[in-house]
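Every read-out reported here was derived from the displayed coordinates using simple, explicitly stated rules and does not represent laboratory data. Nothing here was measured: the structure is a model prediction, and the numbers come from that model. Glycine gets a Cβ as well: all are built from the backbone with ideal geometry, and neighbour counts include every protein chain shown.
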């Protein structure tokens, strides 16, 4: 489509249900009460000139350009701050207004560079547009004091700040305050000296608290804040709406293009997950898509000690198929398996699991969700009847108290964090929601500008179940449970059994305090707060799931929500914050070895026969191997071939040395990815992947929202990923003939009742749909379990606290927990290949000052991090964000290999690894460990590619 | 940890976490039936019960009998 900027109605929409009818320039318009005259005019097709107003932030009334006249009223009020009223007669264009506007604009332009032709924003500048709109033809003011010629701030890797072009409209400041909630920007100075400042005068954008979300750039009406790419390339000429491939928030963006070149990603105002906002990753960190390290040709080799040899697609795929067949013939079909990726589309994931089940003839398919949210699937299926969160993101606007446990949304889910922060800050003088944070670290949400958690329960890592059971103890024993809700919606007998269990004195906060390290009084107060506010919502992340008791914790959360009646309406619910973009979708698509798409167990003959009839092959009724079981079987010599799409198990899975031993024992490892990732060091066949910009499909976010991914440029590797899997299937003799991913979705909808009403045509029409989409809910389901639980009655499950076997002791006295940072994503394969390294060039070890002092460690020192599994080195950051006895690091950089030290312990129900609890010791170090050096040497050797002589 | 050691550990861990169920051995047997692949099941069936907790051992015995048509 031809480039059209997004509509800007000037001020935010009113949510009032009352209506007002007024006349603007002789035309009648009816709008919700509280709508500004500016917005009402825009809704009626009248564009009132404006500069300081934009509909992402509240009106400000400073630019004096949007003046109007109203019959019966004196003066010329600003339309952005004047609410529309019944019977109002408004004039937006009169000789008086025209003169005033021209005068105002003349003043603006008198202190603005007149370099429009060579300005980066030429053709996309509101100041330029408005000068035209008001008919400015002359500037009468001559030379004088001005703000021209000031030094630019180029420090941010993605955008420039040119104070000479600033009109002091404050849109950037308000966007930072209201949309992002970081409050990094301010108007420094007074009067003529007023200027935008990022933090202190001594700071630039990069060194300031700015998180580079892009909201200020989006809000800027001039070239003052402008994307470096626009300056470099020029303005876009078309745009395509697509879905971000980073975290599980699922922001939609307009990919703004010039030819096949991406100019910028602009958050889509119509996006129901992000509502026009973005973070540094989705907005700016897409440079990896054209990175020089991308592999664009298929490659093969006989042994992992050999260098790679580039081949054509046909040779690579026929070699892969012949190897898979050879191994199946020699070792049996159970020797084969596949791993789907939460980074890939639903359609790609569906095909990989179909290839394994229908082509390999077994159920040895698993997904990287194994290592993040598999306990969510188990826990919510058991208690509620479906493996998904209960709410949409909008729901948070109605929450009165938020329990945030084991999640760090400002880093992991930043766009949703901004929405949560907005609710916590309150609005128009009304109090915001209360906040309870349960986390071993003092995450940013505990205390951030204008937000302070009412309770931070800094529990000892590994004691989530004990904390939640203690909260349940308080709620039940103090008579705070919602018995009416429980009697109506849940199994009463099961509730009574559970209530008796949690009421036992051994679960009292005072009894458990020595275990959890959470002061009992704080825990009691937090439990009372959660139970007594009208709408209580629980948001959680991998700090819940990645434990020995991950599934128990998810069920304990579900118990708490049911006991307090917080299910089935806006503002409440159980909300897993999904790590990767398509974790929900990967699980929905039957990626787990025991389930067909739609969470139906493989042993269910009726479901199996549905797929068997459609696919024309018998299916194995027994569950297949999970990822850790595949690696065990590989070490045992019975699992020999793996097709791994879009997943880097060597870096992301626990106990790296065990993973590498498993991979090394296989005879055919097929890696299908963008880069030669760490797993590819052990691969025999490399199939180059395509980025989300190069393919069609859908992602499903944490709200169960299915959203289109649209191809905006040709795949540099020649094929979309679904085509690669299809051609591999064809090479193995399967009769697959999909012409477009929409046909794969049609098959998914045909075979999966919760997707029955989903199609690409419907998604194009609606923008997105939240499953279930079926006859009962033809437009999807923003909130689940509204009239009853999917399983019938909600099930209370007794969750006894079974401590992890990973124990601290004299040799390993500290507990390591791991997590993410805002600027990087997962194993960093994408973000490390962008300018985001400016913020986080290496993984750091956070250690409390007491523990650091005991060991003679200062910030910046190299330290050795050792556990029972292995050891690595990294630099220390001494901080009281972590409690004494706890250390923390991220896992974004392969040079650190944090998973060298993580253990083999895992969730009892799902084998989700226990990343969050590892007993470690920290000591001073001079540099890399032997393991790091030998790993680096093996990796370098493994990545050799034979140069093909030019013809 | 060898594979059989890991399977014994997993079975015991499942048993510990399902200890409060009305029928712990039955719940453990059902869990293993639903989530373990055939080779894992065979390995634990063939194991001599060494290291297994009483509930885990009972569950595996129960499941083995069921799978063998007993």
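Per the helix-only calculation at 222 nm, which mean residue ellipticity applies to the protein assembly as shown, given -39500 (n - 2.57) for every DSSP H run of n ≥ 4 and division by its residues, nearest 500 deg cm²/dmol?
Values: 33 runs with 314 residues, N = 1021.
Only helices count here, giving -9000 deg cm²/dmol.
Assuming R0 = 56 Å, what is the FRET efficiency of residue A:133 and residue A:714, from their Cβ-Cβ distance, to the nearest 0.05?
Working: r = 39 Å, r/R0 = 0.70.
Approximately 0.90, to the nearest 0.05.
Under a point spin-label approximation (7 Å from Cα along Cα-to-Cβ), what is the residue A:235-residue A:601 distance to one decimal in nm?
Spacing of the two 7 Å Cα→Cβ label points: 6.1 nm.
Let me have the relative contact order for chain A, percent, based on Cα pairs under 8 Å that are six or more residues apart.
Values: 2209 pairs, mean separation 123.5, N = 951.
For chain A, the relative contact order is 13 percent.
Using only the Cα atoms of chain B, build the gyration tensor, take square roots of its eigenvalues as a ≥ b ≥ c, and label the shape rounded, prolate or oblate: rounded if a/c is under 1.5, else prolate if a/b is larger than b/c, else oblate.
On the way: a/c = 1.56, a/b = 1.10, b/c = 1.42.
Judged from the Cα gyration tensor, chain B comes out oblate (a/c at least 1.5, b/c at or above a/b).
Quick one: which of A:86-93, A:853-860, A:336-343 comes out on top by average Cβ neighbours within 10 Å, and what's the full order, highest first? Let's see the in-between values first.
On the way: A:86-93: 16.2, A:853-860: 13.5, A:336-343: 28.2.
Result, highest mean first: A:336-343, A:86-93, A:853-860.
Between residue A:807 and residue A:318, what is the label-point separation in nm under the 7 Å Cα-to-beta-carbon projection?
Simple spin-label model gives 6.0 nm for this pair.
Limiting things to C-alpha atoms, what are the Rg and the maximum Cα-Cα separation (Dmax) for the stretch A:459-541, in angstroms?
Cα-based Rg and Dmax for the stretch A:459-541 come out at 12.9, 37 Å.
Across peptide A:619-626, how many C-beta atoms of other chains are within 10 Å of each residue C-beta, on average? Please list the in-between numbers first.
Working: counts 0, 2, 1, 6, 9, 4, 5, 4.
Per-residue shielding by partner chains comes out at 4.
Using Cα atoms only, what is the angle between the long axis of helix A:464-477 and the major principal axis of chain A, expressed in degrees (0 to 90) to the nearest 10?
The helix A:464-477 is inclined about 70 degrees to chain A.
Report Rg(Cα)/(2.2 N^0.38 Å) for the stretch A:250-394, keeping two decimals. Before the final figure, lay out each step's value.
Numbers: Rg = 20.5 Å, N = 145, 2.2 N^0.38 = 14.6 Å.
That ratio works out to 1.40.
Let me make sure I get this right: for the stretch A:814-941, a, b and c are the square roots of the gyration tensor eigenvalues over alpha carbons, sorted descending. Under 1.5 in a/c it's rounded, otherwise prolate if a/b > b/c, else oblate. Which is it? Provide the component values of the computation, followed by the final result.
Numbers: a/c = 1.26, a/b = 1.10, b/c = 1.15.
The shape class here is rounded.
Sorted by average packing, counted as other Cβ atoms within 10 angstrom per residue and highest first, what order do A:232-241, A:210-219, A:648-657 take? Please report the intermediate quantities before stating the final value.
On the way: A:232-241: 16.7, A:210-219: 25.8, A:648-657: 23.7.
For the peptides A:232-241, A:210-219, A:648-657, the packing ranking is A:210-219, A:648-657, A:232-241.
Efficiency by 1/(1 + (r/R0)^6): what FRET value for residue A:862 and residue A:187, r their Cβ-Cβ distance, R0 = 30 Å, to the nearest 0.05?
The pair residue A:862/residue A:187 has a calculated efficiency of 0.10.
Calculate how steeply helix A:930-942 sits against the longest principal axis of the alpha-carbon atoms of chain A, using the helix alpha-carbon long axis, and give the answer as 0 to 90 degrees to the nearest 10.
The answer is roughly 80 degrees.
Give the distance, in whole Å, between the Cα centre of the stretch A:417-486 and the Cα centre of the stretch A:177-205.
Comparing the Cα centres of the stretch A:417-486 and the stretch A:177-205, I get a distance of 31 Å.
Any number yet on Rg/Rh for chain A, C-alpha, Kirkwood?
0.98
Note down the nm distance, to one decimal, between modelled labels 7 Å out along Cα→Cβ at residue A:200 and at residue A:306.
Between residue A:200 and residue A:306, the simple spin-label model gives 6.0 nm.
When DSSP assigns beta bridges and you keep just the ones with both residues in chain A, what percent turn out antiparallel, to the nearest 5?
Percentage antiparallel, nearest 5: 60.
Roughly how crowded by other chains is peptide B:36-49, in terms of the mean Cβ count from those chains within 10 Å of each of its Cβ atoms?
Details: counts 8, 16, 9, 10, 6, 2, 0, 3, 0, 0, 0, 0, 0, 0.
Average neighbour count from other chains, rounded to a whole number: 4.
Where in the stretch A:462-481 does the amide nitrogen come within less than 12 Å of the point 7 Å from the Cα of residue B:20, taken along Cα to Cβ?
Taking a point 7 Å out along Cα→Cβ of residue B:20, the residues of the stretch A:462-481 whose backbone N falls under 12 Å are A:465-473.
Can you tell me the order of A:162-169, A:257-264, A:779-786, A:731-738 when each peptide is scored by its average per-residue count of other Cβ atoms within 10 angstrom, highest first? Mind dumping the intermediate values first?
Working: A:162-169: 21.4, A:257-264: 17.5, A:779-786: 19.0, A:731-738: 14.8.
Put in order of decreasing packing, that is A:162-169, A:779-786, A:257-264, A:731-738.
Just report the Cα centroid separation between the stretch A:50-100 and the stretch A:373-393, whole Å.
If you average the Cα positions of each part, the centres end up 49 Å apart.
On a C-alpha basis, how far is the centre of the stretch A:662-676 from the centre of the stretch A:903-951 in Å? Whole number, if you could?
15
Note the full-extension length gain between residue A:879 and residue A:612 as 0.36 nm times their separation in residues minus their Cα-Cα distance, in nm to one decimal.
Numbers: separation 267, 0.36 × 267 = 96.12 nm, distance 5.69 nm.
My answer for the length gained is 90.4 nm.
Using a 10 Å cut-off on Cβ to Cβ distances, tally the other chain neighbours for every residue of B:11-19 and report the average as a whole number.
Whole-number average of other-chain Cβ neighbours for B:11-19 is 5.
Given the stretch A:814-941, what percent of its DSSP beta bridges are antiparallel, to the nearest 5?
65
Expected output is a single nm value to one decimal: the length gained when fully extending between residue A:936 and residue A:151, i.e. 0.36 nm times separation in residues minus the C-alpha distance. What is it?
Working: separation 785, 0.36 × 785 = 282.60 nm, distance 4.30 nm.
278.3 nm is the gain from fully extending residue A:936 to residue A:151.
Treating the angle as unsigned and between 0 and 90°, give the value, to the nearest 10°, between the Cα long axis of helix A:414-425 and the longest Cα principal axis of chain A.
60
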